[in-house]
């Protein structure tokens, strides 16, 4: 029996610039424990795809847009958008999604530990959960009580990974999470992100311009391309 997907998209589109720019997701299916990388040049729609999956962008068309929660409940995201159920989408995102941004986006006046706790506190979860284990695995346990300005770029990005996983999401999104790191730190951090998410049963979707980095971490590659005759289009076609 096929595993229930965390995400299933069919015929999802977002248009920009008065309709001249199109990001089209023909088919995309993400399952627990599997890492998928969206690979392509800048401007091909990778970040738009992630923002659609994070419910920060509303699709202009969606034949199917379903997200399955940890408890097995399937949520019709397209129907929520159509009905204007923004509260339901916010709640679903807070519970089920972790998002690692390219810059980390840490709050400068909080320590690394306090930044990592934000996703748990937003949900009213008690205690630290498995954050100590995450800090140890990410090799930042000795520095998490420092503020972001006292951390290296790589340490800040690892705190962002811990924050994204702290509340045990079902879907982990990452937008060019290693773009600001040197090659050695990029490879190490990319692999840690993928392995930690897999170990926790997350479906993982990472936007990257570096297919070799994604392959080294064991990701399934989905190419995003600019189609001739259009301003931009990302076709994510899964078998």
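A few notes on this one:
- Exposure proxy ranking for 97, 221, based on other Cβ atoms within 10 angstrom of each Cβ and starting from the fewest, stands as 221, 97.
- Answer label for mean projected area of the Cα convex hull in nm² (calculated), chosen among [x] 12.2; [y] 13.5; [z] 14.2: [y]
- Under the criterion of Cα pairs below 8 Å and six or more residues apart, the relative contact order for the stretch 1-140 equals 20 percent.
- Residue 149 versus residue 199: modelled label distance in nm, points set 7 Å from Cα along the beta carbon direction: 3.3
- Taking the chain and dividing mean pair separation by its residue count, relative contact order in percent (alpha carbons under 8 Å, at least six apart): 32
- Percent antiparallel among DSSP beta bridges (both partners in the chain, rounded to 5): 50
- Gained length - residue 26 relative to residue 103, 0.36 nm times residue gap less alpha-carbon distance: 24.8 nm
- Sorted on the mean count of surrounding Cβ atoms within 10 Å across their residues, most packed first, peptides 65-76, 133-144, 157-168, 42-53 read 157-168, 42-53, 133-144, 65-76.
- Computed [θ] at 222 nm, deg cm²/dmol, the chain (DSSP H ≥ 4; -39,500 (n - 2.57); rounded to nearest 500): -10000 deg cm²/dmol
- The chain: angle of helix 112-122 to the longest principal axis, Cα-based, in degrees nearest 10: 50
Rule-based calculations on the coordinates, nothing more; no lab input. What you see is a predicted model; the values in this text were computed from it and never measured. Methodologically, a virtual Cβ is constructed for each residue, glycine included, from the backbone with ideal geometry; neighbour enumeration extends over all protein chains shown.
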